[in-house]
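Below is one structure, written out as structure tokens, with a few remarks after it.
Values quoted throughout were computed directly from the atomic coordinates according to the rules given, and no laboratory measurement underlies them. Keep in mind that what you see is a predicted model, and the values were worked out from it rather than measured. Heads up, the Cβs are rebuilt from the backbone with ideal geometry, glycines too, and the neighbour counts pull from every protein chain shown.
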Amino acid sequence: MKKFIILCLVSFIAVSNLQATGERENDTNNDQKDIELIRISCEIGHAYSCSKLGQMYEIGIGIEENIGKAVELYTKACNTGSSNACSYLGSMYSNGKVVEKDKAKAVEFYEKSCSMGLSKACWYAGVMYTKGIGIQQDKLKAVEYLTKACESGIYKSCYAIADMYYTGETLEQDKAKAVEFFTKACEGGDLGGCNNLGYMYENAVGVNEDMTEAILLYTKACREGNPRGCYHLADIHENGKGVEKNKAKAVEFYTKACEGKDLESCQKLPKFQ
């Protein structure tokens, strides 16, 4: 046990050394020693070392590129507890760029990675169950994985769940729940969530009407690059919703939205000329 711990520590140092290779010159011998330490650590079952070695073979860092070897090492790492290795395999089989595309295998590895706590893998599994990619569509499974991802800080998952509650296509329609999850999405930086939440406050959908809150949410979305947020601000200033009518402001925000490729805003601009 003591020997295993020492080897794991040495492997970690070796990986750190390799990551700093770009800062060193003429150090090929040391690099090879580091790779050998990582290889030994992998052979005795250290999942992190197997995963890093797999990356080296996949990309060709310090070793000749060998995709078959990379898959073998990722599989070993995945089976011994590396959530990242499982996710790498999911991505490889999903994209089919370096191995034959196999969506069913991709889902299998994403699910395994998610069960180990990797939140982005929960998101990928949720999306694949939502759309029926590689497996039979299962909306309840999709919600299960998307919820895990949302709770772990993948805020586009919160948006996806909010949309399900809003439309009622996957979950029983519940506008109040939609507000809850759009709020989570927005607070986490998902600008689509901020825009949609603004719409719900503006139109009293699932919440009491609150134009001040709507304007704040649209402003956040617009300022940070969401063209629909800019569109809604333009509409508010054009029609005097909660503010005095202001043609100049309307043009400013329609222009910004149009520059962000919002077609409806582009179609609105000519009438102000």
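Once the Cα atoms are used to define both axes, helix 155-167 deviates from the longest principal axis of the chain by about 50 degrees. Computed from Cα atoms, the angle from the helix 119-131 axis to the main principal axis of the chain rounds to 60 degrees. Note on the chain: helix-only mean residue ellipticity at 222 nm, from DSSP H runs of 4+ residues weighted -39500 (n - 2.57) and normalised by residue number, equals -23000 deg cm²/dmol. Rounded to the nearest 10 degrees, the angle from helix 103-115 to the longest Cα principal axis of the chain is 90 degrees. Summing charges over neighbours of T219, with a neighbour being any other residue whose Cβ is under 12 Å away from its Cβ, gives +2 when K and R count +1 and D and E count -1.
Which value, in debye to the nearest 20, describes the size of the charge dipole of the chain about its Cα centre when Lys and Arg Cβ atoms bear +1, Asp and Glu Cβ atoms bear -1, and nothing else is charged?
That gives the chain a dipole magnitude of about 140 debye.
Within straight-line reach of K177, meaning a Cα separation under 25 Å, sit the following lysines at least 8 residues removed in sequence or on another chain: K120, K131, K139, K141, K148, K156, K220.
Local charge for V127 was computed over the other residues whose Cβ lies under 14 Å away, with Lys and Arg +1 and Asp and Glu -1, and equals +3.
The charge dipole of the range 186-273, taken about its Cα centre with unit charges on the Cβ atoms of Lys, Arg (+1), Asp and Glu (-1) only, comes to about 400 debye. Contact order, relative form, for the chain: 7 percent (alpha carbon pairs under 8 Å, 6 or more residues apart, mean separation divided by residue count). When K249, K148 are arranged by Cβ crowding within 10 Å, least crowded first, meaning fewest neighbours, the order is K249, K148. P(r) tail, the chain: Cα-Cα pairs separated by more than 31 Å, 48% of all pairs.
Note on the range 60-217: Rg/Rh from C-alpha atoms, Kirkwood Rh, equals 1.11. Here's the picture: charge each Lys and Arg Cβ at +1 and each Asp and Glu Cβ at -1 in the chain, and of G225, Q137, Y74 the one pushed furthest to the positive end of that dipole is Q137. Computed 3J(HN,Hα) for the range 209-220, one whole-Hz value per residue from the Karplus formula 6.51 cos²θ - 1.76 cosθ + 1.60 where θ = phi - 60°, is 4, 8, 5, 4, 5, 4, 5, 4, 5, 4, 5, 4, glycine and proline marked x. When C122, C258 are arranged by Cβ crowding within 10 Å, least crowded first, meaning fewest neighbours, the order is C258, C122.
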